[in-house]
Amino acid sequence: MSDQLSWQIDPVLDVQNLTLAFGGLVAIDDLCFQSARREITAIIGPNGAGKTTVFNCLTGFYKPDRGVIALRHDDGNQYHLERMAEFRINNRASVARTFQNIRLFTGMSVLENLLVAQHQKLMKASGMTIGALLGLGGYRSREKQAIELAMHWLETTDLHYRADDLAGDLPYGDQRRLEIARAMCTQPLLLCLDEPAAGLNPKESNMLSQLLLNIKSQEKIAILLIEHDMSVVMEISDHIVVIDYGRKISDGTPMQIRNDPKVIAAYLGVDETREAVK
Amino acid sequence: MEYFAQQMINGVTLGSVYGLIAIGYTMVYGIIGMINFAHGDIFMVSAFVSLIVFIALLSIGITWIPLALLIVLIVSMAVTSVYGWTVERLAYRPLRASFRLAPLITAIGMSIVLQNYVQIVQGARVKPLPPVITGSYTLMEKDGFTVQISNMQIAIIVTTFILMIAFSALISKTSLGRCQRACEQDRTMAALLGINVDRTISLTFIMGAGLASVAGLMYLLYYGVIDFYIGFVVGIKAFTAAVLGGIGSLPGAMLGGLIIGLVETFWSAYFAIGYKDVAAFSILIIVLIFLPSGLLGKPEVEKI
């Protein structure tokens, strides 16, 4: 590649030589990729390629055997995610994530789900909750701000009219969007979405694409996306990383990926007769 | 009728004490799904701390009772919270990733450790405290039988009521309460939203211990005698109260406490006093047969 690509100039997330093996099975093998802010980076690959494992390394579930996951903040600080505890990855390094299966706090209201995500500021303002119990001014104003941010995201995701319903009572598509709203309420620098379009009908997945494009244009964050729905991936992503058997087989713009023979081979298989002729 | 009213007052008082301790069981169960069998002994430790601090205060000349009681309460809450925190840190946190029964066994172990520790340090004999809060109001009088409510009983019921309201507000309105409910539902997701799960669990233990210490002080003042074994007897009844009300449910714990207190008192008043514990636990069994998740507990819905 002759000219430098946008994500290589100023990456927010820089993954170098990431390797993780479960016993003899190498789940991720020497993976390197970058992701830039204001861009959607899609990680695609056949089932079992190791995409979710990459996410689990990013968010502290798994500690990689080798490699560096660096997250660069605007203030020049650099965080090494592979060395941090789960909750610090969110509240220090500002990484948020959603799961393949929806993991909302179903017994809490929609608004409360978004307030939980902002607890860090609230806890500080509440003076270890004593201020909150007495209803002191500092906590009240802080909570008001938190509710405003929550309402902003509810409006963006078109859920504001359901703020007081139980999260578990929302329809599936709404729950998916609420998860993204909740992740955004932690004010992340990197948003990791694990198959956000899974199980959505065409109308809902279209809404989701619009939401992601909206976040991309409004917020200065990097979005990392695992998705099987190729129409979504090709439509919204700026950068695609293709992995198979834990190895990166291709990396580039959607256009480059579409025409890469290695990607076609991984997805569709190789034509053996032609292979034999070669 | 008068006799009944008097028993009612006694029962509600006893029930308040059980309820306060039951909240500690129910909150811990809610957040990490284990039964903290050492909680009753935390209550016992707090009663001893209260007694020691009270005597110490009197000996240095602080004899104005309201001030003395306030200091006793604060010191006892602080010391008991440290005990609660330590038990969690030493015996439960290292086993969090282990199988479900492991922390249950260490909980029983911690309970025995605390009991024996107090027995050795403080002696096995009962420790008396002369009545501190005296005086009472006569509510009714008929045929020479008076219905009285003592100032102590008023203090217990009012304190419990205030604490209940404060706690409900804490759980439902504050950020810490939201974190606790979040950890209760999905600890992994809570951690991914930046919640320090370990600290939230520690705070739950500290809060439970704080309530137990209030109960400990009230028990000490109400009955006037304590020994190293009260943690087991009162603890197991408070645990029963938590299960009866629906373990994991805060109002359930209070309701369960009241029911156990009332059953025990009325049974002692009208039937053979020796069987009062049998009566209390029989109620538990009967309720659990018909309502397996307790009176106010949410039944577990299993998705297929």
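Bear in mind that the values in this text are calculations on the coordinates, not laboratory data. Nothing here was measured: the structure is a model prediction, and the numbers come from that model. Methodologically, a virtual Cβ is constructed for each residue, glycine included, from the backbone with ideal geometry; neighbour enumeration extends over all protein chains shown.
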At R0 = 56 Å, how high is the FRET efficiency between residue A:235 and residue B:162 if r is their beta carbon distance? Nearest 0.05 is fine.
0.45
Exposed trypsin sites (Lys or Arg not before Pro) absent: longest stretch of chain B, with sites in DSSP loops and at most 16 other Cβ within 10 Å deemed exposed:
B:126-302
Tell me the label-point distance for the pair residue A:124, residue B:117, using the 7 Å Cα-to-Cβ offset, in nm and rounded to one decimal.
3.6 nm
Rg/Rh for the stretch A:104-186, where both radii come from Cα atoms and Rh is the Kirkwood radius
1.01
For the stretch B:1-71, what D do you get in µm² per second when you plug the Kirkwood radius from alpha-carbon pairs into Stokes-Einstein at 4 °C and 1.567 mPa s?
87 µm²/s
What do you get for the angle between helix B:250-270 and the principal long axis of chain B? Use alpha-carbon atoms, 0 to 90 degrees, nearest ten.
30 degrees
Cα-centred dipole magnitude for the stretch B:2-290, charges only on beta-carbon of K, R (+1) and D, E (-1), debye, nearest 20
700 debye
Find how many whole Å separate the alpha carbon centroid of the stretch A:144-206 from the alpha carbon centroid of the stretch B:92-167.
46 Å
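Where in chain B lies the longest segment free of chymotrypsin sites (Phe, Trp or Tyr not before Pro) that are both loop residues by DSSP (not H, G, I, E, B) and have at most 10 other Cβ atoms within 10 Å?
The longest uninterrupted stretch comes out as B:100-304.
On full extension of the chain, what length is gained from residue B:270 through residue B:229, given 0.36 nm per residue of separation minus the C-alpha to C-alpha distance?
Between residue B:270 and residue B:229, full extension yields an extra 12.1 nm.
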With the contact rule set at Cα under 8 Å and sequence spacing of 6 or more, what percent relative contact order holds for chain A?
26 percent
Rank B:279, B:145, B:249 by how far each Cα sits towards the positive end of the charge dipole of chain B (+1 on Lys, Arg Cβ; -1 on Asp, Glu Cβ) and give me just the farthest.
B:249
A correct fewest-to-most ranking of B:42, B:105, B:31 by other Cβ atoms within 10 Å would be B:105, B:31, B:42
Counting every C-alpha pair in the stretch B:179-304, the percent lying more than 24 Å apart is 43 percent
May I ask for log10 I(q)/I(0) of chain B at q = 0.13 Å⁻¹, from a Debye sum over the Cα atoms as equal point scatterers with solvent left out?
-0.94
Once the mean of 1/r over all distinct C-alpha pairs in chain A is inverted, the Kirkwood radius in Å reads 20.0 Å
Please state the charge dipole magnitude for the stretch A:104-186, taken about the Cα centre, from unit charges on C-beta atoms (+1 on K and R, -1 on D and E), reported in debye and rounded to the nearest 20.
420 debye
Let's test this: bin the Cα-Cα distances of the stretch A:1-111 at 10 Å from zero up to the farthest pair and state each bin's percent.
12, 40, 34, 12, 1, 0
Residues listed by number, the stretch A:137-172, amide nitrogen under 15 Å from residue B:173 label point at 7 Å toward C-beta:
A:137-144
Two-decimal log10 I(q)/I(0) for the protein assembly as shown, as the Debye equation yields it once each C-alpha is a single scatterer, q = 0.07, 0.08 Å⁻¹:
-0.54, -0.67
Net charge within 13 Å of residue B:177 by Cβ-Cβ distance, Lys/Arg positive one each and Asp/Glu negative one each, not counting residue B:177 itself?
0
With the contact rule set at Cα under 8 Å and sequence spacing of 6 or more, what percent relative contact order holds for chain B?
36 percent
Given the alpha-carbon gyration tensor of the stretch B:109-267, what are the semi-axes of its equivalent ellipsoid in whole angstrom, ordered largest first, with each equal to the square root of 5 times an eigenvalue?
34, 22, 14
For residue B:99 and residue A:30, FRET efficiency with R0 = 35 Å and r from the beta-carbon atoms, rounded to 0.05?
0.45
Going through A:51/A:203; A:144/A:220; A:51/B:173; B:142/B:276 one by one, the pairs whose alpha carbons sit over 32 Å apart turn out to be A:51/B:173
Roughly how tilted is helix B:65-87, in degrees to the nearest 10 and between 0 and 90, from the longest Cα axis of chain B?
30 degrees
Have a look at B:35, B:47, B:213 and report the one farthest towards the positive end of the charge dipole of the stretch B:2-290, computed about the Cα centre with Cβ charges (Lys/Arg +1, Asp/Glu -1).
B:35
May I ask for the Rg/Rh ratio of the stretch A:106-243, computed from Cα atoms with Rh as the Kirkwood radius, given to two decimals?
1.03
